[in-house]
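In what follows, a single structure is set out as structure tokens and then discussed.
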Amino acid sequence: NLILEQFNSLTPENAMKMAPIHPEENRYLWNDADSIVAFAQQHGLKVRGHNLCWHNQTPGWLFKDPSGKEVTKELLLQRLKDHITTVVSRYKGKIYAWDVVNEAVSDKPGEYLRPSAWYRICGEEYIAKAFEYAHTADPNAILFYNDYNEINSAKREKIYKLVKGLQDSGVPIGGIGLQGHWAINEPSRPQLDSTIKKFADLGLKLQITELDISVYPKEHNARERKPEDADTILSEQKEQKQIEEYKMCFELFRKYRKVISGVTFWNVSDRHSWLDNFPVRGRKDYPLLFDKNLKPKKAFWEVAKF
């Protein structure tokens, strides 16, 4: 089994997100999450919980009161508390780390926090509250703030500001998750080095939480298919660029090994990846270290060779 041979930690890609696990106010669906945790326990693997508060994949009932109007701040924070307490308590001692708040920072220039329903209704306070609720439910779990585009200097400053503010306020945040949805053309070595260094200065644990390196140049927004998207063969040229990018990333991860406590890939092999449908639906990508037949690619050997 490839997972048991090559990995020592698991993250559920979707099973613990709010809509899948808590589709109705008084109903939780535990099967998928329970089976992942049971598999991990049976085989001595660690589990990172993902995630407790996000603007996406939220259930329809969450932001509405019983009369169908938008919820008050008080009710929404109570629902957040109930959700986090229930989920984190269930897996207390079985999940060593949680992505507590996911992607709360805006990508837009001049805008600090994402104008999500969470932010619109609760203001910035929901972020600190989520960490407090999670810490109360499991004081031993390491609690992460997790985000993407972390190599972009403007976004990086915003993430830094958020995390530093939480730290300075005594919020129980233990780590920063850098998602690492990268591509053959980014990040550059200086860009990644300066990003890791900047966050390392906060003194928290750092983890690369959702690593994949697309064989196509990076695009940030979903778009329609173009004729040239039909070329989905993994050419030697694309593969070579990917090999170089993976090699560079892991050289830097090892350089900062005292602060980086884990690297998680966003799937196991090229058989399945969310990038097969983003930014272009149905365009096959090859972003991981194992091929569709679960065999190590050349990039794997560059990562493993040190």
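The values are calculated or read from the model by the stated rules, or taken from the named source; none is laboratory data. Here the structure is a predicted model, which means the values were calculated and not measured. Heads up, the Cβs are rebuilt from the backbone with ideal geometry, glycines too, and the neighbour counts pull from every protein chain shown.
Among residues of the range 54-81 that are under 21 Å from Glu124 (Cβ atoms), those with a beta-carbon under 8 Å from a residue that is of a type in the set (Lys, Arg) and outside any loop (DSSP other than H, G, I, E, B) at least six positions away or on a different chain give the pairs Leu62/Arg79; Glu70/Lys64; Val71/Lys64; Val71/Arg79; Leu77/Lys129; Leu80/Lys129; Lys81/Lys129.
May I ask you to list the residues in the range 10-39 that are out of contact with any helix residue (DSSP H, G or I) (no Cβ under 8 Å at 6 or more places or on another chain) and either closer than 19 Å to Ile208 by Cβ or free of Cβ contacts under 8 Å to residues at least 24 places away in the same chain (or both)? Thr11, Asn26, Arg27, Asn31, Asp34, Ser35, Ala38, listed by residue number. Consider Gln207 against the criteria (1) within 24 Å of His83 (Cα to Cα); (2) in contact with a strand residue (DSSP E or B) (Cβ under 7 Å, 6 or more places away or on another chain): it satisfies all of them except one. Which criterion is unmet? Unmet for Gln207, out of (1) within 24 Å of His83 (Cα to Cα); (2) in contact with a strand residue (DSSP E or B) (Cβ under 7 Å, 6 or more places away or on another chain): (1).
In the range 59-107, what residues are at pLDDT 95 or above, outside any strand (DSSP E or B), among the acidic types (Asp, Glu) and within 18 Å of Pro23 (Cα to Cα)? Scanning the range 59-107 gives a single hit, Asp82. Please state which of the following conditions Ile233 fails to meet, knowing it meets all the rest: (1) over 20 Å from Asn152 (Cβ atoms); (2) among the hydrophobic types (A, V, I, L, M, F, W, C); (3) touching a helix residue (DSSP H, G or I) at 6+ places or on another chain (Cβ under 8 Å). All conditions pass for Ile233, except number (3). Note on the range 254-275: residues that are assigned to a helix (DSSP H, G or I) and either surrounded by 18 or more Cβ atoms within 10 Å (Cβ to Cβ) or in contact (Cβ under 8 Å) with a residue 60 or more places away in the chain (or both) amount to 3. Among residues of the range 99-110 that are closer than 7 Å to Asp147 by Cβ, those with a Cβ under 9 angstrom from a residue that is surrounded by fewer than 24 Cβ atoms within 10 Å (Cβ to Cβ) and among the hydroxyl-bearing types (Ser, Thr, Tyr), sequence gap 6+ or separate chain, pair up as Glu103/Ser116; Glu103/Tyr148; Val105/Tyr112.
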